[in-house]
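Here the structure comes first, spelled out in structure tokens, and everything after it is commentary.
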């Protein structure tokens, strides 16, 4: 299926969700790394015309373009052959969709940015705003899309500094994990005795929490802890390149991507900048 391309970023939360769904479904696809870090490739006009929300991932299947990770995951399940990840049985279908949508409703972008030092997160977000404003002025036909993304990022900057909002959000995560732990004490998977799209979603969510050093939230719940260990042993975990930790092996690829896609800067200076970026902020750079 060479006509399937996933525009994504290895450590991106939503990119990982889609990659895992594709692997579990057995779909062959081509990876295209969109650099949402130093070069802000996701804000470049060619990509915004593909994905007006300026985010990853985006899936193309022939001439068909699908955006939003949840829509892509559902598209993968209904379009390609193989065992359905969203069961037809009414009870299992309802439970699968409930946990799938619940996992998507938790704002792990806010969780990510509120978990790192303000000086780092604000510096990154201000750089993104500067790039967006430049593109909005330069490409009037895409001004609406750029301005919507500016509002989105400004909202994130406000929310992550609001202690009430971040506390309430963390509490919602804790309450969800409590319910999840109770359910997994009775059955092996979230929707029953079979692996479903709900497990795809939550495998990646738990992986993001591990990446952010929030493992205590998992380990203090024994049923979730055992469940996550089982999910990590599935062949798809490695095949989908899920990031439970920062992978130093990815740095050369990042450097090569940045150097190939940036024009007009001295190569040596750019290499130094890219190296610093990769080593110090990659953990929070790729959040989408």
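Throughout, read-outs are computed from the coordinates displayed, never taken from laboratory work. Please read all numbers here as calculations on a predicted model, not as lab measurements. Methodologically, a virtual Cβ is constructed for each residue, glycine included, from the backbone with ideal geometry; neighbour enumeration extends over all protein chains shown.
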C-alpha long axis of helix 267-285 to longest principal axis of the chain, angle in °: 30 degrees
Shape box of the chain [Cα atoms, principal axes, largest first, Å]: 58, 45, 37
Euclidean distance between Cα centres, segment 53-70 to segment 74-149, Å: 11 Å
Calculated Rg and Dmax of segment 1-155 using C-alpha coordinates, Å: 17.1, 52
Cα pair distances exceeding 18 angstrom across segment 82-189, given as percent: 64 percent
Fewest-first ranking of 106, 248, using other Cβ atoms within 10 Å as the exposure measure: 248, 106
Rounded tilt (10° steps) of 163-184 against the dominant C-alpha axis of the chain: 30 degrees
Residue order, fewest to most beta carbons within 10 Å, for 115, 12, 244, 105: 105, 244, 115, 12
Separation of the residue 171 and residue 225 label points, Cα + 7 Å toward Cβ, nm: 2.6 nm
Residues 180, 201, 124 arranged by fewest to most Cβ contacts within 10 Å: 124, 180, 201
Principal-axis tilt of helix 197-211 within the chain, Cα atoms, nearest 10 degrees: 60 degrees
Semi-axis lengths (Å, descending) of the ellipsoid that matches the C-alpha gyration tensor of segment 103-147: 26, 16, 4
Value at 222 nm in deg cm²/dmol, rounded to 500, when DSSP H runs of n ≥ 4 in the chain each add -39,500 (n - 2.57): -19500 deg cm²/dmol
